Amino acid sequence: PWIQRRQSPSHGKSGMKIQYNTPPPPSMPGYGGGPAPNQPMPVYPQAPSPNPSMPGGGAIPVSPAINRGFRGSIKDYPGADPLRDVEVLRKAMKGFGTDEQAIIDLLGSRSNIQRVPMLAAFKTSYGKDLVKDLKSELSGNFEKLVLAMLKTPAQLDAYELKDAIKGAGTDEACLIEILSSRSNAEIREINMVYKTENKKSLEDAISGDTSGHFRRLLISLAQGNRDERETVDISVAKQDAQALYAAGENKVGTDESKFNAILCARSKPHLRAVFHEYQQMCGRDLEKSIDREMSGDLESGMVAVVKCIKNTPAYFAERLYKAMKGAGTKDKTLIRIMVTRSEVDMLDIRQEYVKTYGKSLYTDISGDTSGDYKKLLLKLCGGSD
């Protein structure tokens, strides 16, 4: 039940268009490009059963069509008031010692759109800078997590991108993670914030720090100019799959720019159809072909783009798993994903996590972190599965 056929007005009676149903954008203030809060979510009708006469068996495994409403773990707290909230924060930090539990309970029960105004409210009420006060009271990963939760989505992304670029080595995986999972509107806002805060454009920063086809991949993604139409034309998807095959597996050497053009410009629902057609056509996943055809940053970058578009929650589940397993936890990645996905698709990430790794995300975070940091991460996780 994955495909919904829709007559497109521009095509008259004969031109049927096939619509791939991806989960609608989350209805999320701040994160995700969903409708404004408190508006009814669009409800997608159940798709008719696939047409067996279609090539490839008809059924195309795209994300399930049924609209399951909000998939985040953190929701708006009813009646939250930033002036009352900052009183709680002030009390938690005033005097000797800090009441971390009060900070955890407060921040862990407010959505991003309710947390960010606390900065202005704190300054209004007390004439002090909330971030500076928190920095002087807290430390370590707990401090980093709290401060990440007080940035807007675009501020946090811009900050993380800057951090990924500066420093000794570039964190290429972080660049790809952010640029391949955000919508056009989100990427454009990140570009604006980046330029305001760093006095140079994101594109210039990427250019100065990367090279070759990998640089081109990042710059293409940073344009925030991907096709965002929901409808998918299977015949075009087949052509794209053939073009990728011709540019990689089917020639000596690889035409990387063909991969770049298709992966960066086409819509996400369209690309899911392309990946399916590619698999049908040459009996191998596109990721596997990329592994065979490319190497280094370009290979891992292209594979990550494919994984992220193919199944975003599964991609983040894998990123979280890899951030925690082995010696030492990659806390930066853990914090970024838990904060940025908590109001988008955390419930889906948790499902993919337990399905793939046999343990709940909650259990793994509990086993891998400790103290106040752990308590606040678990609030963002929302529950055990």
4 °C / 1.567 mPa s Stokes-Einstein diffusion coefficient of the stretch 306-385, Kirkwood radius on C-alpha pairs, µm²/s: 105
Å³ per residue enclosed by the Cα convex hull of the stretch 88-246: 160
Label-point gap, in nm, between ASP81 and SER257 - each point 7 angstrom along Cα→Cβ: 6.2
Length-normalised contact order for the stretch 158-305 - Cα pairs under 8 Å, 6+ apart - percent: 25
Translational diffusion coefficient (Stokes-Einstein; Kirkwood radius from C-alpha pairs) of the stretch 70-167 at 4 °C, 1.567 mPa s, in µm²/s: 91
Cα-based Rg and Dmax for the stretch 135-221, where Dmax is the largest Cα-Cα distance (Å): 13.5, 45
Highest-first arrangement of 344-351, 310-317, where packing means the average Cβ count within 10 Å: 344-351, 310-317
Pairs of Cα atoms farther than 26 Å apart, the stretch 212-347, %: 27
Per-residue SASA entry for TYR245, accessible area with 1.4 Å probe, Å² rounded to 10: 70
All-pairs alpha carbon distance profile, the stretch 109-149, 10 Å steps from 0, percent: 28, 54, 18
Global geometry of the stretch 208-256, whether rounded, prolate or oblate, following the gyration tensor of its Cα atoms and the 1.5 cut on a/c: oblate
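Give me the orientation-averaged projected area of the Cα convex hull of the stretch 344-383, in nm², one decimal.
Average projection, Cα convex hull of the stretch 344-383: 2.6 nm².
The values are calculated or read from the model by the stated rules, or taken from the named source; none is laboratory data. What you are looking at is a predicted structure, and each value in this text was computed from that prediction instead of being measured. Here Cβ is always computed from backbone atoms with ideal geometry, including for glycine, and neighbour counts include all displayed protein chains. Surface areas here come from the heavy atoms of the whole protein model, side chains and all, with no ligands, DNA or RNA. Shrake-Rupley method; radii C 1.70, N 1.55, O 1.52, S 1.80 Å.
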